[in-house]
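Enquirer: First, the structure itself, so that you have it in front of you.
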Amino acid sequence: MEKLKSEVDVVKKRIEKRNELLKKRARVLQENGGSVDYIDVLLGSESFGDFISRVSAVSTIVGGADRDLLMQHEADKKAKEEKETKVQNKLTGVNQALEELKNLRAQLQKQVDEKNLLMQTLKDQEKEFNEEAVGLEEQASILADQKNAAQAQQQEIEKAGATEEVPPVTSGSFMRPAKGPVTSHFGYRETFERGHYGIDIGKRGESVPVVAAASGKVIRAYHSSSFGNAVFIRHNVEGQTWVTVYAHLESYSVSSGQSINKGQQLGYIGNTGRSFGAHLHFELHKGDWKGKSSAVNPESYIKF
């Protein structure tokens, strides 16, 4: 566009100079009527026929020069218009491109806003994630420890030559793991808009002990980023395999692979891991532990 504008300026200057020349030419023609000085021509003529020839030649020369001048003038004017049209077309194209760029920027900003909203939503969801959630790597580790505990239990049963004796119980196959009120039940919780795969027992007292709900073998006793201090116990109750989970413990006093009796203390209620207040998160799984899919409602088997 700058190059075309420079070319237009050059043509304009030529047109302006030629306009001055044409104005002078017009004034000359206006002053003498456009006629030739016949006396000078006649004085230089040898005959009337020569006079006629001279007049014709002078008129042709003068007329031709004017025509060439006018033709150049028209050509420059046409070139000027064409270049100005090109400039205008390019300017129109640039404006269209700018408008498209504005639209693209608006679309990009909209996408950025949507992305930011999505990221914020994901952050909010992550913040409210189930405090009892267990990662895949952690699940694999628990399953491996559970397998080892099952094999150890089987070896003990085979060594004893009989099915493991169920210790005497006061009520049912399982007992309460800790004293205190049930503060959150099994199932869907509207507050968090997700499932709860155990029950929560609130802490009432400075140090509230947690005991094994039934006899069994400790699958795992460890610290989890979600469960906090947690203990998993595998039970064999009348031939049925069960797994109990005790989470958010302040501390635990058992270790992986250890045999434990019903009612034996394994730790204290605490507020470790992803927990919102001191409580015991207690889960009961029918069969081997398979995450939330094997969880059952503890209140269906234990009187709280």
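All of the numbers you see were taken from the coordinates with simple rules; none came from a lab. These figures come from a predicted structure and were not determined experimentally. Note: ideal-geometry Cβ built from the backbone for every residue, glycine included; neighbour counts use all protein chains shown.
Enquirer: Please enumerate, by chain and number, the lysines with C-alpha under 27 Å from the C-alpha of Lys286, excluding those fewer than 8 residues away in the same chain.
Expert: Lys147, Lys159, Lys179, Lys203, Lys217, Lys262, Lys303
Enquirer: Still on this structure, please answer the following. If you stretched the chain out fully between Ser173 and Ser259, how much longer would it get, using 0.36 nm times the residue separation minus the C-alpha to C-alpha distance?
Expert: Values: separation 86, 0.36 × 86 = 30.96 nm, distance 1.73 nm.
Result for the pair: 29.2 nm of gain on full extension.
Enquirer: For the residues Arg220, Arg189, what sequence is obtained by ranking on other C-beta atoms within 10 Å, fewest first? Show your work: numbers first, answer last.
Expert: On the way: Arg220 25, Arg189 13.
Arranged by neighbour count, lowest to highest, Arg220, Arg189 become Arg189, Arg220.
Enquirer: Mind checking the full-extension length gain between Lys115 and Gln151? Use 0.36 nm per residue of separation minus the Cα-Cα distance, one decimal, nm.
Expert: Details: separation 36, 0.36 × 36 = 12.96 nm, distance 4.97 nm.
Residue separation times 0.36 nm, minus the Cα-Cα distance, leaves 8.0 nm.
Enquirer: Sticking with this one: Excluding residues fewer than 8 places away in the same chain, name every one of the lysines whose C-alpha is closer than 28 Å to that of Lys86.
Expert: Lys3, Lys5, Lys12, Lys13, Lys17, Lys77, Lys78, Lys102
Enquirer: Oh, and also: I want to check the label-to-label distance for Thr92 and Ser225. Put each point 7 Å from Cα in the C-beta direction and report it in nm to one decimal.
Expert: For the pair Thr92/Ser225, the computed spacing is 6.1 nm.
Enquirer: Something else: Tell me, what does the Kirkwood hydrodynamic radius of segment 191-230 come to in angstroms if you use every pair of distinct C-alpha atoms? Intermediate values should be presented prior to the final figure.
Expert: On the way: mean 1/r = 0.0752 Å⁻¹.
Mean inverse Cα-Cα distance, inverted, gives 13.3 Å.
Enquirer: Pop out the Kirkwood hydrodynamic radius of segment 189-304 from its pairwise C-alpha distances, inverse of mean 1/r, in Å to one decimal.
Expert: Details: mean 1/r = 0.0703 Å⁻¹.
Answer for segment 189-304: a Kirkwood hydrodynamic radius of 14.2 Å.
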